[in-house]
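Enquirer: Pasting a structure here, questions to come.
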Amino acid sequence: MSTRTPWWIRVPVLFFLIFGLMEYFIDSGDKPAIIEYPITQLFMLLILMILIAIELILGSIENVMFQTLTEEGKEKYLATKSKKYEWTWAKNLMEKLTRSRSVEREEEIILDHNYDGIRELDNVLPPWWVYLFYGTIIFSVVYLVRFHVIGDYTQKEEYEQEVAAAKIAIEEYKKTAKDLVDASTVEFLSDAADLSAGEKIYTTNCVACHMADGGGGIGPNLTDEYWILGGGIKNVFTTISEGGRDGKGMIAWKQSLKPAEIAQVASYVLTLSEKTPANPKAPEGEIWVDPNVPESTEPESGQ
């Protein structure tokens, strides 16, 4: 019943082997199976208990069989069990490759140098170190020929490819990470779900000053074409995020609302121009014209 591997190695190895097989064969999407399907946690706990039970049973059987041995057999068994396994072939190979000697045989490879009583041994460098050094030489030759002689691939080209790939990855990420939006990248959200979310935010936070229909009260009228701090999605986003004029006007909502929420409510505010308020407040500010929209040309007379 003697085993070369102790139980405290066997149990974890078998446990994680079964765990790896479970994760490999169970399709759980982006999440680990043990998180996506809580039942697998119970399964792995049961596996662990079974492995421990097997070790206990094997230990009991070993103890019973040990008691049936003669005294000579017990001594032989204990001597065999306590004997450590050694990779003798690997040890012998290393000694041949490095010419290493035991402390008792160091006189065979000691050199004549003597520095204040310190002697030098003529040991050979470890094979892994030598082969790694040869590998660096081969790599340097290939690198020299490819990058400096042939020039088929340069670091500049590699840099440009990496930057292009990174830009694509960033754009893909921004599509799903709406909270990365800011005043320079925000765009009008025309999706019904975004406008509905913006209306809810407006109803919760903005009605007290701008009225439900946007006609204005303490705050300005949001349905006309006059804007105190500029119209358009970028200006409205900035005003909501950073607040109104110093000393008066609206507070900065960036502490309370996420960038995606500010973009939603800003988009909804721009749709209020389609409404006719019951009691509109007098215009404030100046008429804002979007500089990105080209001016329409008047048709010539006679056309």
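Enquirer: Given the Cα-Cα distance of residue 290 and residue 168 and 0.36 nm per residue of separation, how much length would full extension add, in nm?
Expert: 41.0 nm
Enquirer: How big, on average over all directions, is the shadow cast by the Cα convex hull of the stretch 55-205, in nm²?
Expert: 29.2 nm²
Enquirer: Further, regarding this structure: With point charges of +1 on the Cβ of Lys and Arg and -1 on the Cβ of Asp and Glu, referenced to the Cα centre of the stretch 7-82, which listed residue (67, 44, 20) lies farthest in the positive direction of the dipole?
Expert: Checking the options against the dipole of the stretch 7-82, the answer is 67.
Enquirer: Would you calculate a helix-derived [θ] at 222 nm for the chain, using -39,500 (n - 2.57) for each DSSP H run of n ≥ 4 and dividing by the full residue count, to the nearest 500?
Expert: When only DSSP H runs of four or more count, the value is -16500 deg cm²/dmol.
Enquirer: Follow-up. Assigning unit charges at the beta carbon (Lys, Arg +1; Asp, Glu -1) and nothing else, what dipole magnitude in debye, to the nearest 20, does the chain show about its Cα centre?
Expert: In total the dipole reaches around 1500 debye.
Enquirer: Could you work out the local net charge near residue 143, counting Lys and Arg as +1, Asp and Glu as -1, over the other residues with Cβ closer than 14 Å to its Cβ?
Expert: Charge balance in the 14 Å sphere: -1.
Enquirer: Moving on to the next point. Based on alpha-carbon positions alone, could you give the equivalent ellipsoid semi-axes of the stretch 192-287 from the gyration tensor, as √(5λ), descending, whole Å?
Expert: Its equivalent ellipsoid spans semi-axes of 18, 16, 12 Å.
Enquirer: Could you tell me which of the pairs 31/178; 31/234; 200/281; 254/275; 234/281; 167/234 are separated by over 30 angstrom between their Cα atoms in the structure shown?
Expert: Violating the 30 Å Cα-Cα cut-off are 31/234.
Enquirer: Between residue 56 and residue 106, what is the spin-label point distance in nm, taking each point 7 Å from the Cα along the Cα→C-beta axis?
Expert: Between residue 56 and residue 106, the simple spin-label model gives 5.2 nm.
Enquirer: Okay, next question. Semi-axes of the chain's equivalent ellipsoid from the Cα gyration tensor, sqrt of 5 times each eigenvalue, largest first, rounded to whole Å?
Expert: For the chain, the ellipsoid semi-axes come out as 77, 37, 19 Å.
Enquirer: Give me the one-decimal nm value for the distance between modelled label points at residue 138 and residue 118, 7 Å along each residue's Cα-to-Cβ direction.
Expert: 3.6 nm
Here, each number is a calculation from the coordinates, and none is a lab measurement. Being a predicted model, the structure only gives us computed values, none of them experimental. Counting neighbours? That spans all protein chains shown, and the Cβs are built from the backbone with ideal geometry, glycine included.
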